[in-house]
Every structure is written in structure tokens, then in C-alpha cells.
Amino acid sequence: MGYRAKSIVRLAKKMAYGDFPSAEELEEMTAEESKEKLMELPEIGDYSSDIINPHGGFPIDVWSVEIFGKLLFGREPKNNRDAIERVKAAGMKRWGTFSWMAFFYVVQDLGRLSKKLGVSLRLS
């Protein structure tokens, strides 16, 4: 988890001491409401909230946008940061509520998918 570890520990402490909704309460909210609530936490942004949201999400960042740009549009974006929202929207449209599963499947199987598709999907 790298630099996000401190934020996740802070989240766990807030949840443990009642300063933040429980996992069950987050699950009872809509996906959008729970994401908004998670993003109220310091250092939790769009990417992190999509990972820890009990409803899932499509956690696209400057690294994963290269991979999903190639998979969804057949090419690597010219500017990774600028392409995040476009790639995220395309993934959500394609996979909907299962987009988080698609994300984790793809990043766990980059080597095989690279060979199968004849595309170099970077691992770092």
C-alpha cells in the first residue's frame, strides 16, 4: 500500500472509535454516497476511495490509465493525468458495477493478457 498505509490506518482508527461510518453503514449508502464520505478523509482521493469503497469502483491512476487506455482504446494515452477521467468513464460504461472486478482481474494477469492481445502492458 506504500504511502497510502498511513491513511488506511487512520481510517481504521476512525471506524473503530465511531468517528466514521462503519463498513456496514457505508454499505447501506449508495456507491456515490459512500465514496463521498470516504473522500472526506485526509489523503483519500478518487483512486483510494474506489479501492476501499464497499461498493467497489474503478481505481484508475496515472499508472493504470496506460494499461486500460491500451485495452479500451487500443493505444496509450498521450497524457496520463489528463486521460484518467476518460478511461475511467469508458471502463465504467463497459463493465458497470463489475468494473472493480475487471480492474483487479486485469492488473493480476498483465503478463498473460499482454501475450494474448499482442500488446505490451507495463508492470511498473
Checked against the positive end of the charge dipole of the chain (+1 on Cβ of Lys and Arg, -1 on Cβ of Asp and Glu, about the Cα centre), the farthest of Gly96, Gln108, Ile51 is Gln108
Dividing the helical contributions, -39500 (n - 2.57) per DSSP H run of n ≥ 4, by the residues of the chain yields a 222 nm value, nearest 500 deg cm²/dmol, of -18500 deg cm²/dmol
Stokes-Einstein D for the chain (10 °C, 1.306 mPa s, Kirkwood Rh from Cα pairs), in µm²/s, comes to 103
With the 8 Å Cα cutoff and a minimum separation of six or more residues, segment 2-52 has a relative contact order in percent of 30
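For segment 69-124, compute Rg over Rh where Rg is the Cα radius of gyration and Rh is the Kirkwood radius from the inverse mean 1/r over Cα pairs. Numbers along the way, then the final one.
Details: Rg = 11.4 Å, Rh = 11.9 Å.
Value, to two decimals: 0.95.
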Val107 and Arg4 label points (each 7 Å along its Cα→Cβ direction) are spaced in nm at 0.6
Expected unfolding gain across Ala31-Lys14 under the 0.36 nm per residue rule, minus the alpha-carbon gap, is 4.1 nm
With +1 on the Cβ of every Lys and Arg and -1 on the Cβ of every Asp and Glu, the dipole magnitude of the chain about its Cα centre, in debye rounded to the nearest 20, is 860
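None of the figures in this text is laboratory data; all of them are computed from the coordinates on show. For clarity, every value in this text was computed on a predicted model and none was experimentally measured. Here Cβ is always computed from backbone atoms with ideal geometry, including for glycine, and neighbour counts include all displayed protein chains.
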